[in-house]
Structures are given as C-alpha cells and as structure tokens.
Amino acid sequence: MTSYTLSEPAYLKLFFHAAKHPHKPVNGVLLGKKAGNAVVIEDTIPLLHHWTSLSPMMEIGLDLAAQYAESVGLKLVGYYQASDRLNDTSLVPVGEKVVGKIKAGFSDAVAFVIDGDKLGTDEAALIPYVSSSSASWRPYAGDTIPFAKDSSFRLASEDLPRRAVTLVRENRLHQKFGDFDDHLEDVAIDWLRNKTCLPTAS
C-alpha cells in the first residue's frame, strides 16, 4: 500500500489558496517524489480560482508547473481542489481529467478535495481520492480514517492544521499568496514558488 505524506509547505500553500478565495473554486497540483512505497508531497503549485472547464489557461498552467517540477527534481504527483460551497467535497470532472493526466505520468497520483467544514479546525481539511483505473476516482476507503494514526495519509507534523489556521488568522499570510490567475494579472507574483507566504522563507 502506498503512503502519502504532505510536507509543511505543501499543506500550508493549499490551505492558503482556499483561505484566500473562500467563496470561489480553487485548484492546483502537488509536487513530490516516491521512494519505495512512500510518496512525499513536498510542494504545491496553485493554478486557478475561477474555472469551469479544462481551459487553455489551465493547460498552460499545468505545463509550466510540470516544467518547474522537473527543474527542481520533483514530479507532478497529484491535484487538489476546493469548491465554492463548504459542504461540496466531490471531485469535479475537471479535477478527474487533470489528475487522470497526472496519473499517466505518475501511477500513484492522488487527488485531495479540501473539506471546507474542517478548514478552521485542528483536523487535516483534506479528503483523498484514489483510483484503481484512470477513469474512476473515489474517496479513499481504507481501514483507517485519512490522517488518523496509522493511516496511509499523513501530515509532516500533527499540528499543521492548527498552525495553518494561526498563520491565516493572526499573520494573514494567505494574503501574500498568489496563483496562476493572479500571475496573469500581475506578472510580479511568483505563483510557482510563493516563498513570501511561508513563515520559514528567508
């Protein structure tokens, strides 16, 4: 069974993306590498915060994200999204198409849907979607609850959800965060790295 661990930067960035656009759908890709049966998701690249289909802008963003991943020795290993409705935790058709494309190059690709109801809590606000084939994506239904003890899905540290909430509420770091949509409006926004929104950035 493949395990997945999200690093601090990866979790914080997707959390910031959803926090910055709470009433809009957002999406992005996950970067990482695999060693044995363990996938480490080391980074997140945010794509869009208003999309309805697999648009040319989405395709361009995906290509640029893949090029960046390769330049830093990583691969596209998954996809994430949040809905504009708190209680909607389904993987939308666009998401299935994108993660299906990623799976063609990385067989253990995973998708995460951000759970809006858990965004402000101490729990990991993510629902993993896995696939046994490129055409069927379903919420993970293993023996343990995702991100619980002994789960195949883990965070680099248990206090990450609480830390993310603090960084949004007290430090407003999500306001420094930018996605590909933002970059198209202001090319100075470094959507591929987003170093200025991370508390450990030098």
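What follows is calculated from the coordinates using simple rules that are stated; it is not laboratory data. Every value quoted in this text rests on a predicted model; they were computed, and no experiment measured them. So basically every Cβ, Gly included, is an ideal-geometry build from the backbone, and we count neighbours across all protein chains shown.
Observations on the structure shown:
- Residues of the range 96-146 that turn out to be aromatic (Phe, Trp, Tyr) and touching a Lys or Arg at 6+ places or on another chain (Cβ under 6 Å), as a count: 1
- Unmet criterion (only one of (1) assigned to a helix (DSSP H, G or I); (2) surrounded by fewer than 15 Cβ atoms within 10 Å (Cβ to Cβ); (3) hydrophobic (A, V, I, L, M, F, W, C)) for Met1: (1)
- Among the residues of the range 90-136, the ones that are assigned to a loop (DSSP other than H, G, I, E, B) and more than 19 Å from Phe153 (Cβ to Cβ) come to 4 in all.
- The sole residue among Leu76, Leu48 that is in contact with a helix residue (DSSP H, G or I) (Cβ under 6 Å, 6 or more places away or on another chain), surrounded by 15 or more Cβ atoms within 10 Å (Cβ to Cβ) and within 13 Å of His17 (Cβ to Cβ) is Leu48.
- Extreme residue, surrounded by the fewest Cβ atoms within 10 Å (Cβ to Cβ), among residues of the range 139-151 that are under 19 Å from Thr89 (Cβ atoms) and more than 17 Å from the chain's Cα centre (by Cα): Ala141
- Any hit, the range 161-184, residues being in contact with a Lys or Arg (Cβ under 6 Å, 6 or more places away or on another chain), buried (at least 19 other Cβ atoms within 10 Å of the Cβ), more than 18 Å from Glu42 (Cβ to Cβ) and of a type outside the set (Lys, Arg): yes
- Residues being among the polar types (S, T, N, Q), touching a Gly at 6+ places or on another chain (Cβ under 8 Å) and closer than 22 Å to Arg193 by Cα - total across the range 50-108: 1
- Single condition Leu31 does not satisfy, out of (1) closer than 25 Å to Lys176 by Cβ; (2) out of contact with any Lys or Arg (no Cβ under 9 Å at 6 or more places or on another chain); (3) of a type in the set (A, V, I, L, M, F, W, C); (4) not in a helix (DSSP H, G or I): (2)
- Yes/no for Ala164 being in contact with a helix residue (DSSP H, G or I) (Cβ under 6 Å, 6 or more places away or on another chain), of a type outside the set (Asp, Glu) and either closer than 27 Å to Glu96 by Cα or not in a strand (DSSP E or B) (or both): yes
- Options Ala65, Ala109; residue that is among the small types (Gly, Ala, Ser), within 14 Å of the chain's Cα centre (by Cα) and closer than 20 Å to Phe16 by Cβ: Ala65
- Within the range 124-173, being free of Cβ contacts under 8 Å to residues at least 24 places away in the same chain and of a type in the set (Ser, Thr, Tyr) holds for Ser132, Ser133, Ser136, Tyr140, Thr144, Ser151, Thr166.
- Residue pairs meeting the criteria (Cβ under 8 Å; at least 6 apart or on separate chains; first under 20 Å from Pro93 (Cα atoms), in the range 53-79; second among the small types (Gly, Ala, Ser) and surrounded by fewer than 18 Cβ atoms within 10 Å (Cβ to Cβ)): Leu76/Gly105
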